[in-house]
Structure formats: C-alpha cells, structure tokens
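I have placed the structure first, in the form of structure tokens, so that the comments after it can refer back to it.
Read-outs throughout are calculated quantities, based only on the coordinates presented, and are distinct from any laboratory measurement. Please read these numbers as outputs of a predicted model, since none were measured by experiment. Cβ placement follows ideal geometry from the backbone for every residue including glycine, while neighbour counts extend to all protein chains displayed.
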Amino acid sequence: MNIPEKLRNLPTNEYYMTPEGYVVFTEVYLLKRGYCCKNSCRHCPYGFNKRTGNFDLKK
C-alpha cells in the first residue's frame, strides 16, 4: 500500500491504513494532537458524539 507523503514521518503507532486505503489516526496520535476536531474519529479519546454535538465522558 502506498503511504501518503505527509504520513511518512509519523510513528506507525499513530495511524494505520484500512484495506480500502483510508488513513485512520490512533488514540495515541489524537491525544498527542491535543484537541478534538469534532469529526467523530474512530479512536476519539475525547468522547465527542456527532449526533448530539456533546462530549460523552468515557467510563
């Protein structure tokens, strides 16, 4: 799979590529970035719920 140029310097524990070729950022990367983008990321550590527009606290 061809890795996009922008990702080549990221550690491999910060993202992965799906079989369809999508880039998925891990919780490690999202915490390192330091804020929620409110796009309902698959591994969002901030608990944003796009349906309600609120942050759901993780238990």
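Looking at the P(r) of the chain, how many percent of alpha-carbon pairs lie beyond 18 Å? I get 40 percent for the Cα pairs in the chain exceeding 18 Å.
For the chain, lysine pairs with C-alpha atoms less than 20 angstrom apart, excluding pairs fewer than eight positions apart on the same chain, total 7. Extension gain, THR18-CYS37: 0.36 nm per intervening residue step, less the Cα-Cα distance, totals 4.8 nm. As a length-normalised measure over Cα pairs under 8 Å and 6 or more apart, the relative contact order of the chain settles at 19 percent. For the chain, CYS36, CYS37 have no disulfide-compatible partner, since no other Cys C-beta lies under 4.7 Å from theirs.
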